[in-house]
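Report on one structure; see the data block that follows.
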Amino acid sequence: MTEIKKRLERLENLSDSLDGVLIFSDSGGAMNFENPNFFYLSNSDVLGAVYYDFSSPKLYTNIMEKTRAKRGWIKDISLMDKNFEKEIKNKKIGIDKASTSFTTLERINKICKTVDISQELEKARLIKTKYEIKTIKEACKITGKIYKKVLPQINKTSTEIELKGLIEYEMHKQGVLPSFPTIVAAGKNSAEPHHVADKTKLKEPIVIDFGVRYKGYISDVTRTIGSKEEKNLEKIIQEVYTKIKSGIQAKELDILTRKLMKDKSKYFIHSLGHGIGIAVHERPWLNSKSTDILKPGMTFTIEPGIYHKEGIRIENDVLLKEDGIEILTKF
């Protein structure tokens, strides 16, 4: 069975109540290709829409994108014109309302009846296929190569933004792009989880949060150099790893981490982790209010941090398997 067929089959249960599924690539901007559900069903980042009538998928795009669209998995490609409108006219169509622009929604609602299937699409992406796991593993492997290449080049005369540039330059040399803007936070800036790199001179501790996008799938890793809290946080992480198993509630891991931190838990100001895949942040959510239950085939981060006068964060990517976990970022 082809990879796209496996993915489309996860939506077959919707055929009882819908005539088809329509997923747009845009979420507002004219050049925004960041809807993970569109990529999930097409393996393409062109501007357009995937329509699946539960028999065969079609990809609608514009004349400028048609050639590039042929590189994706859907081979039935048409222009988004009046024929597209005829295809969906007066039908009951499932759409990804959470990732569709207001302008697009207004237009489509005049043509057909729409039903929001955002939650169903999220669920479809929760358990990764063998192809997805292989691709995420390769993204993590490349990330390790980049870190090992950059580490010896860090010197105390460089600035945060210079180190950010060096890391992303190494990504380009590996043929990949950043999965998000690389975070480099030195000295007191390390206490800011989402610090934007600037001309601050490098001074320990140095928090480096980075990842790559490989064939549409991402890695997300954080390393901290020179923190006095490193041994303590590593010990906590290893304890949390022993509790990760199929069937556990994701929120239990977040709660456990805060208990293990004791009085320093008040300086842990974000969630324990999140799912990774096409999106940098996706289900399962590993926070104290999450309703997600962890199952084999899920990929997610474990990233506790302590932020006081200075900060530390250690983040690894994890695959949950039937017999335990596999740490995908061992470097």
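Residue check: GLU120 meets all listed conditions (1) in contact with a Gly (Cβ under 8 Å, 6 or more places away or on another chain); (2) assigned to a helix (DSSP H, G or I); (3) of a type outside the set (Lys, Arg); (4) farther than 23 Å from ASP16 by Cα but one, namely (4). Condition (residue is at pLDDT 95 or above and assigned to a loop (DSSP other than H, G, I, E, B)) applied to segment 19-28: is it met by at least one residue? So far as segment 19-28 goes, yes, one or more of its residues are at pLDDT 95 or above and assigned to a loop (DSSP other than H, G, I, E, B).
Taking the criterion of being under 24 Å from HIS195 (Cα atoms) and either in contact with a Lys or Arg (Cβ under 7 Å, 6 or more places away or on another chain) or among the small types (Gly, Ala, Ser) (or both), the only residue of segment 315-331 that qualifies is PHE331. Among the conditions (1) more than 30 Å from LYS295 (Cα to Cα); (2) not in a helix (DSSP H, G or I), the only one that VAL115 does not satisfy is (1). Residue count for segment 268-282 satisfying the condition of being in contact (Cβ under 8 Å) with a residue 24 or more places away in the chain and more than 21 Å from LYS215 (Cβ to Cβ): 5. Could you check, for segment 253-266, whether at least one of its residues is under 21 Å from THR329 (Cα atoms) and either surrounded by fewer than 20 Cβ atoms within 10 Å (Cβ to Cβ) or in the same structural domain as LEU41 (by TED's automatic domain parsing) (or both)? The answer is no; no qualifying residue exists. I'm checking my understanding of the structure. Among residues of segment 202-225 that are buried (at least 16 other Cβ atoms within 10 Å of the Cβ), assigned to a loop (DSSP other than H, G, I, E, B) and not acidic (Asp, Glu), which one is farthest from the chain's Cα centre (by Cα)? Residue satisfying both the conditions and the ranking: LEU202.
The values are calculated or read from the model by the stated rules, or taken from the named source; none is laboratory data. Please read these numbers as outputs of a predicted model, since none were measured by experiment. Cβ atoms come from the backbone with ideal geometry, glycine included; neighbour counts cover every protein chain shown.
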